[in-house]
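See structure below.
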Amino acid sequence: MTTAQWRRLGRRSLFVAAATASALVLAACSGGGAPAGEGADPQKLEYLVNAENGNIPPVLESMASGVCEAENEALPLEINSIPQADLDGQIQLLVGQDALPAMFAAGGTPAEGAKLWNAGKLVDFDESLEELGVLDQIEPGAISTIKALYGGAFSFLPFQYNIEGIFYNKQMFADHGFEEPKTWDELLEVAEALKADGVLPFTASGEQGWPITRLLSGYIFRSLGPDALRKVADGEAKLTDPEYVEAAAAIADLGAKGYLNENIASLDYDGAQNEFLEGNAAMFYMGTWALTAINDPEGNKIGADNVGFMPFPAVDGGAGDIGQYPSNVGLPSTFGSATYGPKVQSWVKCITENFGEMSLVEQNTISGFKVPDEVWAEQPQLTQDVHERISGSTESVLWFEALFNAKAGQDSSKNVSLLVTGQMSPEEFMGLLQTDLDAG
């Protein structure tokens, strides 16, 4: 999911007005999503999407002239784009005008999507897809992720779906006689042996920051359970509680023991990824969006067949499970309840039945829509392995900053490199973020 720069000039008054109008409309409504079939079809299937999204629009356009041609003739697809940074404000403005399009991408803040659901502005896909006979075409893990992000409701569709874990160099592991570590202690043993042999155990980007905080949330979920960060968001726990600080200390130790890049603070995403793909590091924690680079024979110098994928390991005595993969759905899209008539529902049925396959084949992108087995069989072996893990997962977790406010998210990414380079203690790092959360 990409991030555009704010176009600040001339927009502040627009966003204030939009937020005010949206607040009035949402305050006047209550309850969850609207039942299927109560909307009135619009004149066209307008789709408002972030301009940076290069995957979804081409697939939908291909479907409109192919497998969904009949649906498109009855209700023509029209795609309109807007910079992602402006999307939240535009949706708020349209809510205030009671003018939401039939289909639109989520804004960057999941809490805003939850508000739309609570106001009855979105479709209940649990109900609608069941009535359309296609609910079983959605991966259960993708539904779990959406519900975790958007207030417990299946109110968005997973046009993209990624799980996260550790990519590793299979040849390096074989040369040292390693199998996939199942526990954190086993992972540390592998890292120590690699370092002793002159091999960098992990590569990660400290410039971006979030690739390191993904390690932190991975440890938290395994040690404290899948609801550990939800408890922090709900005020039932604090990041400064000893067990959360202990998790930060475990990740800080990776840096202290020399298991991470020496230049980690200045290393960007591409640089960290290249360290792995060029054979300079044994492991790389990342989401499965990295499959695009891994399956690229020009950029991947170690070869796609030499890359394995494993879940974040268990923490001894922990409450989490290695089958609970951190997951995200990119920037998902939804349908407005007011315009959810029979023609729109026909489009939704066609999308649900076909988008997954077409996105995989045409865009090399995994979605949360199921794909026929024979199509998966034509994909690279690692992609097939990821698919098996997705299909076998019924519960997902989020990521470290998913439920944070903007300030906490920014400070997390900005300061985590200081944590792993010893310039900030675990107590200081978690204390800073908790202060941000307490400020609201």
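The values are calculated or read from the model by the stated rules, or taken from the named source; none is laboratory data. In this text, all values refer to a predicted model and were calculated from it rather than measured experimentally. Here the Cβ positions follow ideal geometry from the backbone for every residue, glycine too, while neighbour counts run over all protein chains shown. The protein model used for the area step is the full one, side chains on, heavy atoms only, and it has no ligands, DNA or RNA in it. Shrake-Rupley method; radii C 1.70, N 1.55, O 1.52, S 1.80 Å.
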Task: Single residue of segment 295-320 satisfying the filter (without any contact (Cβ under 8 Å) to a residue 24 or more places away in the chain and within 24 Å of the chain's Cα centre (by Cα)) that is surrounded by the fewest Cβ atoms within 10 Å (Cβ to Cβ) - done: ASP296
Open item on the list: As an exercise: evaluate VAL371 against (1) under 17 Å from the mean Cα position of the chain (by Cα); (2) hydrophobic (A, V, I, L, M, F, W, C); (3) modelled with pLDDT of 95 or more and give the number of the one condition it does not meet.
Closed with: (1)
Task: Residue selected from segment 181-216 under the condition of a type in the set (D, E, K, R) and open to solvent by 30 Å² or more (accessible area, probe 1.4 Å), by the criterion nearest to the chain's Cα centre (by Cα) - done: GLU207
TODO: Determine the pairs where a residue that is closer than 13 Å to LEU157 by Cα, located within segment 116-142, has a partner that is assigned to a helix (DSSP H, G or I) and open to solvent by 50 Å² or more (accessible area, probe 1.4 Å) with Cβ atoms under 8 Å apart, the partner being 6 or more residues away or on another chain.
DONE: LEU129/GLN137; VAL134/LYS349; VAL134/GLU353; LEU135/ASP126; GLN137/GLU353; GLU139/SER391
Open item on the list: I need every pair where a residue in segment 209-238 that is assigned to a loop (DSSP other than H, G, I, E, B) has its Cβ under 8 Å from the Cβ of a residue that is of a type in the set (Val, Ile, Thr) and at pLDDT 95 or above, sequence separation at least 6 or different chains.
Closed with: GLY209/VAL416; LYS238/VAL232
TODO: Please indicate, with yes or no, whether at least one residue in segment 338-355 is within 22 Å of SER65 (Cα to Cα), in a loop (DSSP other than H, G, I, E, B) and either open to solvent by 10 Å² or more (accessible area, probe 1.4 Å) or of a type in the set (D, E, K, R) (or both).
DONE: no
Open item on the list: Pairs needed: first member in segment 74-90, open to solvent by 30 Å² or more (accessible area, probe 1.4 Å); second member anywhere, assigned to a strand (DSSP E or B); C-beta distance under 6 Å; at least 6 residues apart or different chains.
Closed with: LEU77/LEU45; GLU78/GLU46; ILE79/TYR47; ASN80/LEU48; SER81/VAL49; GLN90/ILE82
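Let's see how each residue does on (1) assigned to a loop (DSSP other than H, G, I, E, B); (2) modelled with pLDDT of 95 or more:
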site	(1), (2)
ALA402	yes, no
GLN410	no, no
ASN415	no, yes
PHE429	no, yes
ASP438	no, yes
TODO: Return yes or no: is TYR168 closer than 21 Å to ALA85 by Cα and crowded, with 20+ Cβ neighbours inside 10 Å?
DONE: no
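Give me a count of the residues in segment 51-73 that are open to solvent by less than 40 Å² (accessible area, probe 1.4 Å) and assigned to a helix (DSSP H, G or I). Before the answer, list the steps.
Keep residues of segment 51-73 that are open to solvent by less than 40 Å² (accessible area, probe 1.4 Å), which gives 53, 55-57, 59-60, 62-64, 66, 68, 72.
Going one step further and asking which of them are assigned to a helix (DSSP H, G or I), we end up with 56-57, 59-60, 62-64, 72.
Residues meeting the conditions: 8.
Quick check on segment 412-423. Is at least one of its residues surrounded by 21 or more Cβ atoms within 10 Å (Cβ to Cβ) and β-branched (Val, Ile, Thr)?
Checking segment 412-423: at least one residue is surrounded by 21 or more Cβ atoms within 10 Å (Cβ to Cβ) and β-branched (Val, Ile, Thr).
Just the residues that are of a type in the set (S, T, N, Q) and closer than 14 Å to THR365 by Cβ, please, taken from segment 42-83. Walk me through it before giving the result.
As a first pass, look at segment 42-83 and keep what is of a type in the set (S, T, N, Q): 43, 50, 53, 55, 62, 65, 72, 80-81.
Within segment 42-83, ASN53, ASN55, SER62 meet the criteria.
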Open item on the list: So, in segment 270-304, exactly how many residues are touching a helix residue (DSSP H, G or I) at 6+ places or on another chain (Cβ under 7 Å) and of a type in the set (Phe, Trp, Tyr)?
Closed with: 2
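Picking from VAL386, VAL375, VAL371, which residue would you name as being part of a helix (DSSP H, G or I), open to solvent by 10 Å² or more (accessible area, probe 1.4 Å) and among the β-branched types (Val, Ile, Thr)? First the steps, then the outcome.
On the way: VAL386 fails: open to solvent by 10 Å² or more (accessible area, probe 1.4 Å); VAL371 fails: part of a helix (DSSP H, G or I).
Going through VAL386, VAL375, VAL371 in turn, the sole match is VAL375.
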- [ ] Only residues that are open to solvent by less than 50 Å² (accessible area, probe 1.4 Å) and part of a loop (DSSP other than H, G, I, E, B): list them for segment 91-101, please.
- [x] ALA99, LEU100, PRO101
